[in-house]
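Okay, structure first, notes after.
The values are calculated or read from the model by the stated rules, or taken from the named source; none is laboratory data. The model shown is predicted, which means the values in this text are computed figures rather than measured ones. Here the Cβ positions follow ideal geometry from the backbone for every residue, glycine too, while neighbour counts run over all protein chains shown. To get the accessible areas, we keep the full protein, side chains included, count just its heavy atoms, and leave off ligands, DNA and RNA. Shrake-Rupley method; radii C 1.70, N 1.55, O 1.52, S 1.80 Å.
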Amino acid sequence: MPRLHLKQVFINGLSLALPLSIVLFLLYKITELFKKVIGPLAKHYGFDQLFGELTLLVLLLLFFLLLVVVLGVLLQLRFMTAFKNNVEAIALKFFPSFNQVKMMMADRLNREQLASAWRPMVLWFEDRYSPAFLIEEKNGMLVFFIIKGNSFQEGEIVVIPAAGARFAEVDAVALKKCVKNYGQGLPDLIKAHLL
């Protein structure tokens, strides 16, 4: 692990704490505004006691959930996507650490999508074992994504005949752990599934 200086640790912490505190402050203000607007309506229509003291909190959570769904639907429209990109560009100017959080979220989402769509394998190819994902089986051919390095973004796509292929399906979590650890643990996976 690289040695970090106190100044760098402080700057890293500040770059994460500042945008996070602003977001929390804005959520607090929105919650207060929501209570002022919805509170009287809830009392007037008599559903303020529906969940007891938690009624406003439940309504707030439902409002946020509805807002997220509506925004997700709106982002399917081209002009809203451009608007989102403009807002992100502005946010990146004021909060550079926003890009790190965004990349971490995208990486996590990509890994989860890979785990559900592609089948993790250990493949014997070109006289060596390689961590890979089986992408497609069609017309007697197999499409593999062979992982290069310790990142799932780097790799090689190969198409090989199904008849001569030698591979075994492995646990996705175990394969990801081995890849992230520069191959450490792969011999155990190979021994357990192919030998």
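Brief remarks follow.
- Evaluation of L75 against (1) modelled with pLDDT of 75 or more; (2) under 23 Å from P19 (Cβ atoms) (one fails), failing number: (1)
- A count restricted to the stretch 117-172 and to residues that are charged (D, E, K, R), under 21 Å from D188 (Cα atoms) and without any contact (Cβ under 8 Å) to a residue 40 or more places away in the chain stands at 4.
- Taken together, the residues in the stretch 146-173 that are surrounded by 16 or more Cβ atoms within 10 Å (Cβ to Cβ) and more than 19 Å from D127 (Cβ to Cβ) amount to 3.
- Restricting attention to the stretch 130-140, the residues being open to solvent by 100 Å² or more (accessible area, probe 1.4 Å) and under 28 Å from the mean Cα position of the chain (by Cα) number 1.
- Options D188, D127, D107; residue that is at pLDDT below 90 and surrounded by 13 or more Cβ atoms within 10 Å (Cβ to Cβ): D107
- Subset tally (residues that are hydrophobic (A, V, I, L, M, F, W, C), exposed (fewer than 13 other Cβ atoms within 10 Å of the Cβ) and either part of a helix (DSSP H, G or I) or modelled with pLDDT of 75 or more (or both)) for the stretch 19-60: 11
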